[in-house]
1. Between W74, W47, which is under 24 Å from E143 (Cβ atoms) and at pLDDT 90 or above?
2. Does A145 count as in contact with a helix residue (DSSP H, G or I) (Cβ under 9 Å, 6 or more places away or on another chain), modelled with pLDDT under 90 and at negative phi?
3. Pairs, please: C-beta under 9 Å, at least 6 apart or cross-chain, first residue assigned to a helix (DSSP H, G or I) and in the stretch 121-139, second at pLDDT below 85 and among the polar types (S, T, N, Q)?
4. Just to be sure, is L66 assigned to a helix (DSSP H, G or I), under 27 Å from N5 (Cβ atoms) and hydrophobic (A, V, I, L, M, F, W, C)?
5. Can you tell me how many residues within the stretch 140-172 are part of a helix (DSSP H, G or I) and closer than 18 Å to L66 by Cα?
6. Out of all the residues in the stretch 53-76, is one or more touching a residue at least 40 places away in the same chain (Cβ under 8 Å), surrounded by fewer than 18 Cβ atoms within 10 Å (Cβ to Cβ), farther than 22 Å from D129 by Cα and of a type in the set (S, T, Y)?
7. Mind checking which residues of the stretch 29-58 are outside any loop (DSSP other than H, G, I, E, B), of a type in the set (G, A, S) and closer than 16 Å to K78 by Cβ?
8. The conditions are (1) at pLDDT below 90; (2) touching a Ser or Thr at 6+ places or on another chain (Cβ under 6 Å), and Y132 fails exactly one of them. Which is it?
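The values are calculated or read from the model by the stated rules, or taken from the named source; none is laboratory data. This structure is a prediction, so every number in the text was calculated from the model and none was measured. Positions of Cβ are backbone-derived with ideal geometry, glycine not excepted, and every protein chain shown enters the neighbour counts.
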Amino acid sequence: MEVHNIKVKFTEVYEKESDPLFRYCLMRVSDRDKAIDIVQDIFAELWKTYNTSEEIKNERAYLFTLARNKIIDWYRKKKSYSLDALLETEDTERPFDSPDEKAHPDIIFSAEAGRVLEAIEKLDPTYRDVLYLRFTEDLSPQEIASVLGSTASIVSVRITRGLEKLREQFHT
């Protein structure tokens, strides 16, 4: 592919997918700076892939697969912090972010949405991930299957069962 065409294609994909990828990463790692780093790494890898002339059949599924893998790698490498170590730390560096007061008002959830997100977080990861990808990022079951390395029918079953489990949480 010609360099100009690569730049145009990359910019188009970046503008369309950077915000959903950031939200996905932020939900999974709960660290704004780390989520930004992961998204940056994802797009650097996309750029390399475009330059190697590898064909990507579904950019969205490819990007979310990269995100999922990078998040898994991050959790594997992440140090665990003990409460004692946190209390003994004199500096201002902490393994958590303070609330970002500059956050765009549109991302502040209502009490209802917060309740639903809490319920989703209580679900088994098998259901939580497919529900998040389906309803927050609007990926199709086929795209989710591609991200998770599964089949569309298994993903559809997990979505249905995950919704049933959510209903159970709200009816008890």
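1. Of the residues listed, the single one that is under 24 Å from E143 (Cβ atoms) and at pLDDT 90 or above is W47.
2. no
3. K122/Q169
4. Spelling it out, L66 is indeed assigned to a helix (DSSP H, G or I), under 27 Å from N5 (Cβ atoms) and hydrophobic (A, V, I, L, M, F, W, C).
5. 8
6. Checking the stretch 53-76: at least one residue is touching a residue at least 40 places away in the same chain (Cβ under 8 Å), surrounded by fewer than 18 Cβ atoms within 10 Å (Cβ to Cβ), farther than 22 Å from D129 by Cα and of a type in the set (S, T, Y).
7. Listed by number, the list holds a single entry, A35.
8. (2)
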